[in-house]
Amino acid sequence: MTTTITCDQCDKKFETDVGVGQKVRCPFCNDVNVVRAPGSTGPHDTIPVGRNGGGGAPAASTTDLAAKEGYPPRNGPEADVLVLHPAIYRARPLGSISLAIIALGGGIAAGVFAATLPPAAIVCGLLAVLAVGTLGYWKLAALTESFRITTRRVVDRTGFFSKHTSEVLIKDIRNVVVRQTFWQRVWKVGTLSISSAADDGVEVSMNNVPNPDRVKRVIDLYR
């Protein structure tokens with residue numbers, strides 16, 4: 001049966017053969033919508049559906065696609081789904097490889113020149129320490145930012161000693177945007193930006209997200 005629905009984001013109408021309770025993307029703006037029966041008020045309602053889409057049949061629950069794919073159920077208590085930190089080495093592949101080579105080569109060279117050329121050994125050792133320190137700084141910086149996705153909200157936390165927290169309820173999410181350069185697509189990292197119906201701008205954003213398309217798909221399961 002073909003159903004005509006109105007997109008939650010762009011308010012344009014389109015037809016779909018997807019059944020009640022299932023999700024479908026708007027062909028105009030690509031937003032994810034839940035197909036609802038006439039008279040329903042939300043995607044989580046229990047909807048009485050008859051043979052022709054009307055009342056009269058026993059109540060049928062909407063399909064929980066999140067639980068079907070092995071994630072926490074949408075309608076249960078709030079639970080963590082994903083906790084992410086920015087990718088470190090995939091986000092800077094050439095820099096990471098170069099620093100690793102400098103650290104290893106500098107350490108070996110420092111040991112080789114220690115007896116014969118002490119000044120060269122000192123320089124090589126300093127380069128090795130600098131390379132290791134840079135890699136350690138990147139690791140620490142990544143640990144100070146987290147992207148936590150629960151069944152109810154998306155929370156972005158930054159900072160180590162002082163913290164900044166920003167969150168948006170999943171039911172209020174208007175748009176999820178993934179931006180990737182060519183090399184970011186190769187290494188499967190990117191920028192994920194989320195805006196809500198209550199704010200015209202980007203409300204939550206994170207750079208160097210690992211597998212951003214998968215993260216967007218998980219968020220869409222709970223919208």
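Every read-out reported here was derived from the displayed coordinates using simple, explicitly stated rules and does not represent laboratory data. Only a predicted model underlies this, so the values are computations on that prediction, with no experimental measurement involved. Here Cβ is always computed from backbone atoms with ideal geometry, including for glycine, and neighbour counts include all displayed protein chains.
Full extension of the chain between Val18 and Thr6 yields a length gain of 2.9 nm, computed as 0.36 nm times the residue separation minus the alpha carbon distance.
In a fully extended conformation the segment linking Arg179 and Phe161 would gain 3.5 nm over its present Cα-Cα distance, using 0.36 nm per residue. Which log10 I(q)/I(0) values does region 166-223 give at q = 0.16, 0.17, 0.28 Å⁻¹ under the Debye formula, counting every alpha carbon as one identical point scatterer? Each listed q corresponds, in turn, to -0.47, -0.52, -1.13. Only helices reaching 20 angstrom along their own axis (Cα) with mean Kyte-Doolittle hydropathy no lower than 0.0 count here, and for the DSSP H runs of the chain these are 93-113, 118-143. Legend: residue pairs Lys12/Lys216; Lys13/Lys216; Lys13/Lys68; Lys13/Lys171; Lys139/Lys163, Cα-Cα distance threshold 26 Å; pairs beyond threshold, Lys13/Lys68. Two numbers describe the Cα atoms of the chain: Rg and Dmax, which are 24.8, 93 Å.
Judged by a Cβ-Cβ distance under 4.7 Å, the unpaired cysteines of the chain are Cys124.
Ignoring the sites themselves, the chain has its longest run without chymotrypsin sites (Phe, Trp or Tyr not before Pro) in a DSSP loop having at most 11 other Cβ atoms within 10 Å at 1-159.
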